[in-house]
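Structure, as structure tokens:
The values are calculated or read from the model by the stated rules, or taken from the named source; none is laboratory data. Bear in mind the structure is a predicted one, so any value in this text is a computation, not a measurement. All Cβ positions, even for glycine, are placed from backbone atoms using ideal geometry, and neighbour counts span all protein chains on display.
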Amino acid sequence: MTPPIWVGSIAALLGGEARRSEIAHDLAPLVEREILVRRRESRFSGEEELAFRHALLREGAYATLTEGDRTLGHKLAGAWLPGVRWGRPATGVGVEADSNSPRGDQPSEQSILQA
């Protein structure tokens with residue numbers, strides 16, 4: 001399996017905590033199709049931990065991102081991580097800081113969820 005991802009981290013990339021349940025719903029078919037797997041335990045309390053079933057699936061999904069989406073995604077995920085480690089909510093993490101970027105404030109949802 002690949003390194004973990006969390007529903008909250010994906011929510012931080014795609015619009016914040018308000019979209020968490022929608023994103024969890026959208027990830028369910030990827031789990032059913034065994035593209036993603038749920039891990040039994042999460043290293044972060046209250047966060048569902050997932051992983052790509054195979055590294056090639058992760059690499060393929062990552063390759064579909066533009067350079068701008070990868071850069072912004074890393075920045076938003078980096079802003080989300082300290083909050084979840086210390087129990088602070090990740091609502092709106094990083095979005096305000098990127099609102100003037102030429103690509104907008106978020107990676108495209110299509111590029112993140114499409115695999």
Looking only at the range 83-100, decide whether some residue is part of a helix (DSSP H, G or I), modelled with pLDDT of 50 or more and exposed (fewer than 14 other Cβ atoms within 10 Å of the Cβ). yes
Can you name the condition, by its number, that ARG43 falls short on among (1) buried (at least 18 other Cβ atoms within 10 Å of the Cβ); (2) of a type outside the set (Val, Ile, Thr); (3) part of a loop (DSSP other than H, G, I, E, B)? (1)
Among the residues of the range 11-40, which ones are in contact (Cβ under 8 Å) with a residue 12 or more places away in the chain and assigned to a loop (DSSP other than H, G, I, E, B)? LEU14, GLY15, GLY16, GLU34, ILE35, ARG39
